[in-house]
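The values are calculated or read from the model by the stated rules, or taken from the named source; none is laboratory data. Small disclaimer: the values here were computed from a predicted structure and weren't measured. Cβ placement follows ideal geometry from the backbone for every residue including glycine, while neighbour counts extend to all protein chains displayed.
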Ligand code: SF4
């Protein structure tokens, strides 16, 4: 069977890179004494597939992985067992068996939501925050520089920025972002932040921004036409 | 406290490389209630996290202490220069990993002394923690600073900075030390009277309080020995030994790092000690006698660590694992039990014989890398001098087995500058490597393999170490070592042989600090002030600053490293007793010059080094039990 597990990466684990997280997860899965599945061949590795990588410093409450198991296991028991042995800051939230012949998480997930906190050097009113967001959204295009295997290239992220809301809160600008993610197109929250800063700095200046931006992923989703599903609903 | 935590997490750690080095919330890390214990201690490892977390001794002591409800132990590692920079600019004191508390909050700090080149990091940790460097400047309020580990057998260069040293195996003595410190504070409402507590500690066997002793010098400044200054202090301090490894504490729940560390695996310690008797090898004399752990216990321990860590590899560790008398059955059973869970096995230290290659073959079903062996010297004559009982036949047998079994690389360790070395011995290294390569080519050709064999020759420089038969020997000068390195490079011509050597300057400083006396502390402090840190890391090693430090403090390091000592000379470590008699070391040295070898007391008769006679211990092998 295959389980789809939702987990969170909390404050205590925020400095983990995706590689660190995978290592920690594999060790926890081994400690949980579940009937894990390994690949064939000379150098067998644990079969787990992750929906998406999370950068160092970014927390999340909606991460997903697929875990094949030998034999049938009640999803809740698997969650409990893994939670009993996970290190600080990582937590299983829920799980469902993957029933259909579903493609990999990476292939089906296409929407990511984030909450971003940007410290400001001066307080702003709610109305100002809304104006800023309107300015950002009014831009028909926004190019960012991406470094890939084939060198650098310019990418327009505006089409992949599906939603942007903002409000003022104690010297902070809070953003809620929904962006396209996955193989069809991928916009990073850092790129949206860059777009916001770039747009607003035009009137406010570079000095407007404070340090230590916090990024938190609210979830990963599957958007089909106008409907949005969580990966657990689409198992 | 809360504020410091916030500043660190919000502002400092996001700016440094690998912030996980400083977090202390790994799986199995212990965070105890500060108020609920009687003694708060901090294990300080004077190197970076990834190195320190690969050290079994840390896991053992951390486990032993935290298993006690009355004590807690946290950790600190040498901060990487980027964090040091951040701490200095913001005037934030260095903090413990588990509770992010400044060093000064603890009752005691314990450094482990694994290699001399970590000494500047010790001073740096103290300084960044806001503690005075010198022991006598730290008053009753400051934590007591202790140190142990192999370099504690000549701790004189650190004598000014450390309050007390502990000789021998830490798990054997640490709780006695803690009990004394805790009781001392208990009757003083949590406070300490430093002089008094040191006196109490000095009564524990294995504890050395350097301030109770005085180093004597003659008019020319020649070292004359160490004399008791404080009435009642023992004239000799004898090391502590675990008698029975089966009874010793074993860390079943070692901390599992988030970061990838140097040795990222479970460590199963199969035996302690080695009596092969290589005359240059300090570990061989410090950790006598050989004590094996029984196979069944090891299997139980493997199950437990595996359950509590989730590691994918078990390492069977010791100074020489092929020497474990039950190694084959142990290996078989470990492989049987863990194969289904896809847990691999590794053998870190292989003897030069085909038996060891067979063991390696068992554990590496996929022949990933090559194998490493240490013939140490290039000719039979020199191998007899150092008592390395390896013959050319042994090595060729190994080469044959390695290439036959499908590896294509072999790495050979040698040492330059060994006593009595001549050019013929260097030629011998080149010739051996060439012979191994040739054999490799033949075998691979016979097998119809398209691959080419590689032989890596890795050469370090001989460092005379205290408590070994070669403790009286001089080290070759840096210039001579470099000349030999160059000579050897020119002798190694074949494509297919890779040649590496260690920086001679580092080996020189190792010899200086291994053999130096108390005066060296000044040079150490000066070097640290000038900015020396992480001297064991070539990217940070600054030899010119060390030269400047010696110049400023009027110390001539060549006199320590490059001059022979006579049997009449007082040695800075004469008052520290490993259990092996000085007479025995002297006899071994004389045998070296007679090209006479000494057998391993596990198989040959006891050669009466003194330890079993004096310390009430014995060699414990498990075969046939
Ligand atoms: S006293 Fe004898 S048996 Fe014991 S370690 Fe020394 S040489 Fe070996």
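Give the residue that is nearest to the other protein chains (Cβ to nearest Cβ), with candidates limited to residues of the range B:254-266 that are in contact with a strand residue (DSSP E or B) (Cβ under 9 Å, 6 or more places away or on another chain) and part of a loop (DSSP other than H, G, I, E, B). Restricting to residues being in contact with a strand residue (DSSP E or B) (Cβ under 9 Å, 6 or more places away or on another chain) and part of a loop (DSSP other than H, G, I, E, B), the top hit is B:258.
Just one of the numbered conditions (1) in a loop (DSSP other than H, G, I, E, B); (2) more than 10 Å from chain B (Cβ to nearest Cβ); (3) closer than 18 Å to residue A:75 by Cβ is not true of residue A:40: (3). A single member of B:523, B:527, B:514 is buried (at least 21 other Cβ atoms within 10 Å of the Cβ), more than 16 Å from the ligand (Cβ to nearest atom) and within 28 Å of residue B:390 (Cβ to Cβ), and it is B:514.
Residue by residue, here is whether (1) closer than 30 Å to residue B:294 by Cα; (2) modelled with pLDDT under 95; (3) crowded, with 17+ Cβ neighbours inside 10 Å holds:
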{"site": "B:225", "(1), (2), (3)": "no, no, no"}
{"site": "B:234", "(1), (2), (3)": "no, no, yes"}
{"site": "B:239", "(1), (2), (3)": "yes, no, yes"}
{"site": "B:253", "(1), (2), (3)": "yes, no, yes"}
{"site": "B:256", "(1), (2), (3)": "yes, no, yes"}
{"site": "B:261", "(1), (2), (3)": "yes, yes, yes"}
{"site": "B:264", "(1), (2), (3)": "yes, yes, yes"}
{"site": "B:269", "(1), (2), (3)": "yes, no, yes"}
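For the range B:267-292, taking the residues that are part of a loop (DSSP other than H, G, I, E, B) and either free of Cβ contacts under 8 Å to residues at least 24 places away in the same chain or more than 16 Å from the ligand (Cβ to nearest atom) (or both), the one that is farthest from the other protein chains (Cβ to nearest Cβ) is identified as B:280. Given the criteria over 26 Å from residue A:20 (Cβ atoms), in a helix (DSSP H, G or I), away from chain A (no Cβ under 14 Å) and at pLDDT 95 or above, does residue B:51 qualify? Spelling it out, it is not the case that residue B:51 is over 26 Å from residue A:20 (Cβ atoms), in a helix (DSSP H, G or I), away from chain A (no Cβ under 14 Å) and at pLDDT 95 or above.
Is it true that some residue in the range A:57-65 is within 11 Å of chain B (Cβ to nearest Cβ) and in a helix (DSSP H, G or I)? Step through it out loud before you land on a result.
Of all residues in the range A:57-65, those within 11 Å of chain B (Cβ to nearest Cβ) come to A:57.
In the following step, the residues that additionally are in a helix (DSSP H, G or I) were identified as none.
The answer is no; no qualifying residue exists.
Do we find that residue A:111 is under 16 Å from residue A:63 (Cβ atoms), buried (at least 18 other Cβ atoms within 10 Å of the Cβ), in contact with a strand residue (DSSP E or B) (Cβ under 8 Å, 6 or more places away or on another chain) and modelled with pLDDT under 95 in this structure? So residue A:111 does not fit the description; no.
Would you confirm whether any residue within the range A:158-165 is outside the structural domain of residue A:97 (by TED's automatic domain parsing), in a helix (DSSP H, G or I), touching a strand residue (DSSP E or B) at 6+ places or on another chain (Cβ under 7 Å) and under 30 Å from residue A:65 (Cα atoms)? So far as the range A:158-165 goes, yes, one or more of its residues are outside the structural domain of residue A:97 (by TED's automatic domain parsing), in a helix (DSSP H, G or I), touching a strand residue (DSSP E or B) at 6+ places or on another chain (Cβ under 7 Å) and under 30 Å from residue A:65 (Cα atoms).
Could you list all residues from the range B:165-174 that are in contact with a helix residue (DSSP H, G or I) (Cβ under 7 Å, 6 or more places away or on another chain) and surrounded by fewer than 22 Cβ atoms within 10 Å (Cβ to Cβ)? So that I can check it myself, show each step before the final result.
If we filter the range B:165-174 for residues that are in contact with a helix residue (DSSP H, G or I) (Cβ under 7 Å, 6 or more places away or on another chain), which is where we start, we get B:165-167, B:170-171, B:174.
Listed by number, the list holds a single entry, B:171.
Considering only the range B:27-47, I want to know if a residue exists there that is in a helix (DSSP H, G or I) and touching a helix residue (DSSP H, G or I) at 6+ places or on another chain (Cβ under 8 Å). Explain how you work it out, then say what you get.
Looking only at the range B:27-47, we keep the residues that are in a helix (DSSP H, G or I), and these are B:34-36.
From what is left, the residues that are touching a helix residue (DSSP H, G or I) at 6+ places or on another chain (Cβ under 8 Å) are none.
The answer is no, given that none of the residues of the range B:27-47 is in a helix (DSSP H, G or I) and touching a helix residue (DSSP H, G or I) at 6+ places or on another chain (Cβ under 8 Å).
For the range B:604-620, state whether one or more residues are over 25 Å from residue B:320 (Cβ atoms) and either within 16 Å of the ligand (Cβ to nearest atom) or at pLDDT 95 or above (or both). No, every residue in the range B:604-620 fails to be over 25 Å from residue B:320 (Cβ atoms) and either within 16 Å of the ligand (Cβ to nearest atom) or at pLDDT 95 or above (or both). Being more than 16 Å from the ligand (Cβ to nearest atom) and farther than 28 Å from residue B:413 by Cβ is a property that holds for residue B:249.
Residues checked against (1) assigned to a loop (DSSP other than H, G, I, E, B); (2) assigned by TED's automatic domain parsing to the domain that holds residue A:51:
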position: A:99; (1), (2): yes, yes
position: A:102; (1), (2): yes, yes
position: A:115; (1), (2): no, no
position: A:132; (1), (2): no, no
position: A:135; (1), (2): no, no
position: A:141; (1), (2): yes, no
position: A:177; (1), (2): no, no
position: A:187; (1), (2): yes, no
position: A:211; (1), (2): yes, no
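Any residue that is within 30 Å of residue B:417 (Cβ to Cβ) and assigned by TED's automatic domain parsing to the domain that holds residue B:53 - is there at least one of those in the range B:258-266? Reasoning before the result, please.
Here is the first cut: in the range B:258-266, the residues within 30 Å of residue B:417 (Cβ to Cβ) are B:262-263.
In the following step, the residues that additionally are assigned by TED's automatic domain parsing to the domain that holds residue B:53 were identified as none.
Checked against the condition, which is being within 30 Å of residue B:417 (Cβ to Cβ) and assigned by TED's automatic domain parsing to the domain that holds residue B:53, the range B:258-266 yields no hits at all.
Number of residues in the range A:1-22 that are assigned to a helix (DSSP H, G or I) and either within 7 Å of chain B (Cβ to nearest Cβ) or touching a residue at least 12 places away in the same chain (Cβ under 8 Å) (or both) equals 7. Any residue at all in the range B:587-596 that is within 16 Å of the ligand (Cβ to nearest atom), over 23 Å from residue B:502 (Cα atoms) and in a loop (DSSP other than H, G, I, E, B)? Yes, some residue in the range B:587-596 is within 16 Å of the ligand (Cβ to nearest atom), over 23 Å from residue B:502 (Cα atoms) and in a loop (DSSP other than H, G, I, E, B).
Yes/no per residue for (1) surrounded by fewer than 20 Cβ atoms within 10 Å (Cβ to Cβ); (2) closer than 22 Å to residue A:163 by Cβ; (3) touching a helix residue (DSSP H, G or I) at 6+ places or on another chain (Cβ under 8 Å); (4) within 14 Å of another protein chain (Cβ to nearest Cβ):
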| position | (1), (2), (3), (4) |
| --- | --- |
| A:87 | no, no, yes, yes |
| A:94 | yes, no, yes, no |
| A:116 | no, yes, yes, no |
| A:122 | yes, no, yes, no |
| A:127 | yes, yes, no, no |
| A:135 | yes, yes, yes, no |
| A:138 | yes, yes, no, no |
| A:143 | yes, yes, no, no |
| A:150 | yes, no, no, no |
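Conditions (1) at pLDDT 85 or above; (2) closer than 12 Å to residue B:401 by Cβ; (3) not assigned by TED's automatic domain parsing to the domain that holds residue B:427, marked per residue:
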position	(1), (2), (3)
B:348	no, no, no
B:352	yes, yes, no
B:360	yes, yes, no
B:365	no, no, no
B:370	no, no, no
B:375	yes, no, no
B:378	yes, no, no
B:382	yes, no, no
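Out of everything in the range B:293-316 that is farther than 15 Å from residue B:335 by Cα and surrounded by fewer than 20 Cβ atoms within 10 Å (Cβ to Cβ), what residue ends up being farthest from the other protein chains (Cβ to nearest Cβ)? Within the range B:293-316, the match that is farthest from the other protein chains (Cβ to nearest Cβ) is B:294.
Does residue A:218 count as surrounded by fewer than 17 Cβ atoms within 10 Å (Cβ to Cβ) and closer than 30 Å to residue A:233 by Cβ? Explain how you work it out, then say what you get.
On the way: surrounded by fewer than 17 Cβ atoms within 10 Å (Cβ to Cβ): yes; closer than 30 Å to residue A:233 by Cβ: yes.
When the stated conditions are applied, residue A:218 passes them.
All of A:36, A:67, A:46 fail the test of being in contact with a helix residue (DSSP H, G or I) (Cβ under 8 Å, 6 or more places away or on another chain) and buried (at least 21 other Cβ atoms within 10 Å of the Cβ), apart from A:67.
Note on the range B:566-584: residues that are in contact with a helix residue (DSSP H, G or I) (Cβ under 9 Å, 6 or more places away or on another chain), away from the ligand (no atom under 16 Å from the Cβ) and assigned to a loop (DSSP other than H, G, I, E, B) amount to 5. When the residues of the range B:319-374 are filtered to those that are surrounded by 21 or more Cβ atoms within 10 Å (Cβ to Cβ), assigned to a helix (DSSP H, G or I) and under 22 Å from the mean Cα position of the chain (by Cα), the one that is farthest from the other protein chains (Cβ to nearest Cβ) is B:323.
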